[in-house]
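Below you'll find the structure, written out as C-alpha cells, and then a few comments.
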Amino acid sequence: GVLSFSAGVIETSQIHLFERILFRSSRGNAFVRFSRESRSIVDPLTGEPMNKTALVVFYSGEQMRQKVNKICQSLRANLYAIPEDPAQQEQTLQSCEESIQEIESVLLNTEKQRKDILQDVSMYIDTWSYQIA
C-alpha cells in the first residue's frame, strides 16, 4: 500500500497514552513522531492555557487512517488537512507563510498606532486631570 500520514497537535500530557493506544490498535504498523518543543496555547473551549505538541503519524491504508482519526478524536488531538502532493504541500506552506507575514504586519502596525495614541494622550493628561478636579 501507499504510505500516508496525518499531522496535528495534541495536548503534551496525552503523548504517552497516544503512543500506547496507536501501537496497540495498529499492531505496530503505524509510526508516530512528535516535535521536540511544546507550546502553550489557550484552549478555545475552556480559555485555559495548555501545552500542545505537534505530531505526525505515518501509516498505510484507509482502515489505518480511520483508526488514527478515531484515536485523535478520543484524545482531543487536532488533525490538519495536509495535501499528499508535494507541489500542493509547497503551495499550502507558502500560503500559510504569507498569512503569518500579513498578521505580523497588522500586529506591528496596531502596536505602533496604539503607542502613538498613548503618546498623544499623555501630552494632555495633566490638563484633563486639572479640568476634572
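Things to note:
- Note on the chain: dipole from Cβ charges, positive end direction compared against 64, 117, 5; the farthest Cα belongs to 64.
- Our note on the geometry: Cα centres of region 40-65 and region 90-130, 31 Å apart.
- At q = 0.12, 0.22 Å⁻¹, base-10 log of I(q)/I(0) for the chain (Debye sum, equal scatterers on each alpha carbon): -0.65, -1.30
- Full extension of the chain between residue 46 and residue 94 gives 14.1 nm of extra length, using 0.36 nm per residue less the Cα-Cα distance.
- Distant alpha-carbon pairs in region 89-133 (separation over 14 angstrom), percent: 67
- Only helical runs count toward this figure. For the chain, summing -39,500 (n - 2.57) over DSSP H runs of n ≥ 4 and dividing by all residues gives -19000 deg cm²/dmol at 222 nm.
- Computed from Cα positions, the angle between helix 62-74 and the longest principal axis of the chain comes to roughly 40 degrees.
- Computed FRET value (nearest 0.05) for residue 105 with residue 73, which takes r as the C-beta separation and R₀ as 35 Å: 0.45
- Global form of region 46-120, assessed from the alpha-carbon gyration tensor, a/c cut-off 1.5: oblate
- The long axis of helix 86-132 is offset from the longest Cα principal axis of the chain by roughly 20 degrees.
Throughout, read-outs are computed from the coordinates displayed, never taken from laboratory work. Note that the structure is a prediction, hence the values are computed from the model and not measured. Positions of Cβ are backbone-derived with ideal geometry, glycine not excepted, and every protein chain shown enters the neighbour counts.
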